[in-house]
Amino acid sequence: MKEKITYNRAKTWQIALFTLNNTATNMALFLMGYYAYFSQNILGLAAVMVGGIATVMRVFDGITDPAIGFILDKTNTKLGRFRPFMLGGCLIMCTCITGIFNAPAGMSTVTAYIYTTILYAVYILGYTCQTAVTKAAQTVITNDPKQRPLYSGFDALFTRISGAMISVLITTILAEKYATGDYKGMGMLNPAMWRMASIILCMVILAMTLLAMVGITEKDKPEYYVRTGAIKVQLKDYADIVLHNRPIQMLIIAAATDKLGSLLQNGLLVYIYLRTYC
């Protein structure tokens, strides 16, 4: 007689809310897609340098992923394993985003490069903290194969809605609102518009993260992610896998180049569109 498998299931609303964690980081990623345009047209930085910085940051993102994952795997606090990374990552991310898009006026070119690059690097750390949870906590909230498609469905829906929302907010609503005075007909070149956009979107990102934390609260407990007798994994074990596991190496390369390609594509589309608009 076949043994019946008991799954760790979740309520539909818990899955839906937790999905907002990925939506929040995607919104931050969408907003940072305007980084090149903002840096060049508002701060006056060179296109080649800005593109180089963005590319290096994506490589840096690939390096931080396993490091943050290792730390996450070792974490166990009163608030659980995942929620501290979700909230901490979100606050770091939003602080850096608002810092970049609220860059002080009158900075020298060199100072602007240093200022934005440092904030971009710290933003990547916050982004990685939150995205690491997206992958690691999916099997914690539910390991029922029949429920897993729910996550993908909610994720696709929320991501598409948020992407459209950001585009409409920036290129239509705020661009028209701030197309006044010296920036008549050129709202996208008004620094005040970018300040407002970053504040509004970071408030939405924070709200989504808090809702996602509510969604995983019941499952963010040791009994759901600690296995009795599990083998303790050390940092050197990760290094051994990366250096000697060919399939993992190919996966890392594929994921890294996909991220970079997506960044370049989105950045180019945004830049061409906004240059035409302005």
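Sorted on the mean count of surrounding Cβ atoms within 10 Å across their residues, most packed first, peptides 15-26, 164-175 read 15-26, 164-175.
The LYS11 and MET49 beta-carbon pair, evaluated with R₀ = 41 Å, returns a calculated FRET efficiency of approximately 0.25. Computed with a 1.4 Å probe over protein heavy atoms only, the accessible surface of region 1-109 comes to 47 Å² per residue.
Using a 1.4 Å probe over the heavy atoms of the protein chains, calculate the carbon and sulfur portion of the accessible area of region 96-163 as a whole percent. Spell out each step's value before the answer.
Working: 2030 of 2950 Å².
So the carbon and sulfur contribution to the accessible surface is 69 percent.
Packing here is the average count of other Cβ atoms within 10 Å per residue, and on that basis the peptides 82-92, 42-52, highest first, run 82-92, 42-52.
With q set to 0.16 Å⁻¹, the log10 of I(q)/I(0) for region 34-143, from the Debye formula over equal scatterers at the Cα positions, is -0.75.
The values are calculated or read from the model by the stated rules, or taken from the named source; none is laboratory data. Everything numeric here is computed off the predicted structure, so don't read it as measured data. Virtual Cβ from ideal backbone geometry, glycine too; neighbours counted across all protein chains shown. Quick note on the areas: whole protein, heavy atoms, side chains included, nothing else; ligands and nucleic acids left out. Shrake-Rupley method; radii C 1.70, N 1.55, O 1.52, S 1.80 Å.
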